[in-house]
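Peer 1: Below you will find the structure I want to go over with you.
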Amino acid sequence: MNIMNDIGHRAWPLPSKNWIMRQTWRNLLFLHWPIPLHLLRPHIPSSLQIDTFNGSAWIGVIVFVLEGIFPRGLSSISLTPKFPEVNVRTYVTCDGKPGIYFLSIDVENWASLKIAKRWYHLPYYSARISLRKEGQSFHFHTSRNGNVDTPISFKGKYEPVSEIYSPMEGTLDHWLTERYCLYSSNNGVNVYCGEIHHLPWPLQKAEIEIVENSLFSPFQFELSQVPPIAHFSTGVDSLVWNIKKKRI
């Protein structure tokens, strides 16, 4: 299936220029916590508006395997072997366009750390990450490198517990997952936008067991008393466009 032909679910047209790479995302865990707006605001560039659902901002933690990064014109050759990733993100808008803003991205892949970090101005961190499947469960453990005194880690397991469904527009499930651009900043002033495209997420409800979670400690968010909303997805193929500096 050519996913460029399936655009009816998008809130705005595809970019006019060609996409530059295809990525394959698999076996995703989506965790989301509501968070007061005033706690999040200091960590987001002032030119971006924090997006809210029923008056609340949200923090997400996403665990998944990136199975391939395929440059345009080389559809069968990945730039990297597959690797797991753990990211912390929230939701923002700019000029009325909703998107994702990353607070941290943990990987152990060299290309992401050295190339994508600088190219896309994203907050990548070097980490040791394991993600393995046992039966129907996925077991994960990430530990960020270079934090001996105050280790930043995330450990637990998850598994899907419902049939696959497509969230309806206007629901929280849809609002949390159907995002087709990312925003980033290299200094808190300059803001960049990267467009993405994929088919709608096939979601399942998930059960989650969290053993360790200090991913929020750099931001001094205390969310451990609030149970997260958990979703699973088998994944999607995505198209990624080059990043552009926003005129604010």
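Peer 1: Tell me, which strands (runs of 3 or more DSSP E) lie completely within the range 182-248 with 3 or more residues that are touching a residue at least 60 places away in the same chain (Cβ under 8 Å) and within 29 Å of Met4 (Cα to Cα)?
Peer 2: Filter on the range 182-248 gives 191-198, 229-240.
Peer 1: Applying the selection to the range 151-165, what residues are buried (at least 18 other Cβ atoms within 10 Å of the Cβ), more than 18 Å from Arg26 (Cβ to Cβ) and either in contact with a helix residue (DSSP H, G or I) (Cβ under 8 Å, 6 or more places away or on another chain) or acidic (Asp, Glu) (or both)?
Peer 2: Listed by number, the list holds a single entry, Ile152.
Peer 1: With the condition kept exactly as written, say whether any residue in the range 130-142 is touching a His at 6+ places or on another chain (Cβ under 7 Å), more than 16 Å from Thr24 (Cα to Cα), touching a residue at least 40 places away in the same chain (Cβ under 8 Å) and surrounded by fewer than 18 Cβ atoms within 10 Å (Cβ to Cβ).
Peer 2: yes
Peer 1: Among what's in the range 15-33 and is modelled with pLDDT under 95 and farther than 17 Å from Ile69 by Cα, pick the residue that is surrounded by the most Cβ atoms within 10 Å (Cβ to Cβ).
Peer 2: Within the range 15-33, the match that is surrounded by the most Cβ atoms within 10 Å (Cβ to Cβ) is Pro15.
Peer 1: Exactly one of these conditions fails for Val63: (1) among the β-branched types (Val, Ile, Thr); (2) surrounded by fewer than 16 Cβ atoms within 10 Å (Cβ to Cβ); (3) more than 29 Å from Lys245 (Cβ to Cβ). Give me its number.
Peer 2: Failed condition: (2).
Peer 1: Select from the range 187-212 the residues that are in contact with a Lys or Arg (Cβ under 6 Å, 6 or more places away or on another chain) and either surrounded by 20 or more Cβ atoms within 10 Å (Cβ to Cβ) or among the β-branched types (Val, Ile, Thr) (or both) and list them in ascending order.
Peer 2: Val191, Val211
Peer 1: Still on this model: Which pairs turn up if I take residues in the range 37-56 that are surrounded by 14 or more Cβ atoms within 10 Å (Cβ to Cβ) and look for partners that are in a loop (DSSP other than H, G, I, E, B) and modelled with pLDDT of 95 or more with beta carbon separation below 7 Å, at least 6 apart in sequence or on another chain?
Peer 2: Pairs found: Ile50/Ile44.
Peer 1: Let me ask you something else. Can you tell me which condition Tyr180 does not meet? The list is (1) under 20 Å from Asn54 (Cβ atoms); (2) in contact with a strand residue (DSSP E or B) (Cβ under 7 Å, 6 or more places away or on another chain), and all the others hold.
Peer 2: Among (1) under 20 Å from Asn54 (Cβ atoms); (2) in contact with a strand residue (DSSP E or B) (Cβ under 7 Å, 6 or more places away or on another chain), the lone unmet condition for Tyr180 is (1).
Peer 1: While we're here: Scan the range 166-178 for residues that are at negative phi, in a loop (DSSP other than H, G, I, E, B) and surrounded by fewer than 17 Cβ atoms within 10 Å (Cβ to Cβ) and jot them down.
Peer 2: Correct list: Ser166, Met168, Glu169, Thr171.
Peer 1: Same structure again: Which of the residues belonging to the range 67-90 are within 20 Å of Leu239 (Cα to Cα), modelled with pLDDT of 95 or more and either polar (S, T, N, Q) or touching a Pro at 6+ places or on another chain (Cβ under 8 Å) (or both)?
Peer 2: Correct list: Asn87 only.
Peer 1: Would you check which residues across the range 152-165 are part of a loop (DSSP other than H, G, I, E, B) and among the acidic types (Asp, Glu) and list them?
Peer 2: Within the range 152-165, just Glu163 meets the criteria.
Peer 1: Is there a residue in the range 28-47 that is among the charged types (D, E, K, R) and more than 21 Å from Asn109 (Cβ to Cβ)?
Peer 2: Yes; the residues of the range 28-47 include at least one that is among the charged types (D, E, K, R) and more than 21 Å from Asn109 (Cβ to Cβ).
Peer 1: In the range 71-114, what residues are of a type in the set (Lys, Arg), under 28 Å from Lys133 (Cα atoms) and either over 18 Å from the mean Cα position of the chain (by Cα) or surrounded by 18 or more Cβ atoms within 10 Å (Cβ to Cβ) (or both)?
Peer 2: Across the range 71-114, the qualifying residue is only Arg89.
Peer 1: Another question about this same structure. Tell me, which residue of the range 204-232 that is of a type in the set (D, E, K, R) and at pLDDT 95 or above is farthest from Gly156 (Cα to Cα)?
Peer 2: Selected residue: Lys205.
Peer 1: Ser184 passes all but one of (1) crowded, with 17+ Cβ neighbours inside 10 Å; (2) touching a His at 6+ places or on another chain (Cβ under 8 Å); (3) over 22 Å from Leu39 (Cβ atoms); which number fails?
Peer 2: It is condition (3) that Ser184 fails.
Peer 1: Kindly establish whether Leu122 is part of a strand (DSSP E or B), touching a Ser or Thr at 6+ places or on another chain (Cβ under 7 Å) and of a type in the set (A, V, I, L, M, F, W, C).
Peer 2: no
The values are calculated or read from the model by the stated rules, or taken from the named source; none is laboratory data. Because the structure is a prediction, the values reported are computed rather than measured. Backbone-built Cβ (ideal geometry, glycine too); neighbour counts: all protein chains shown.
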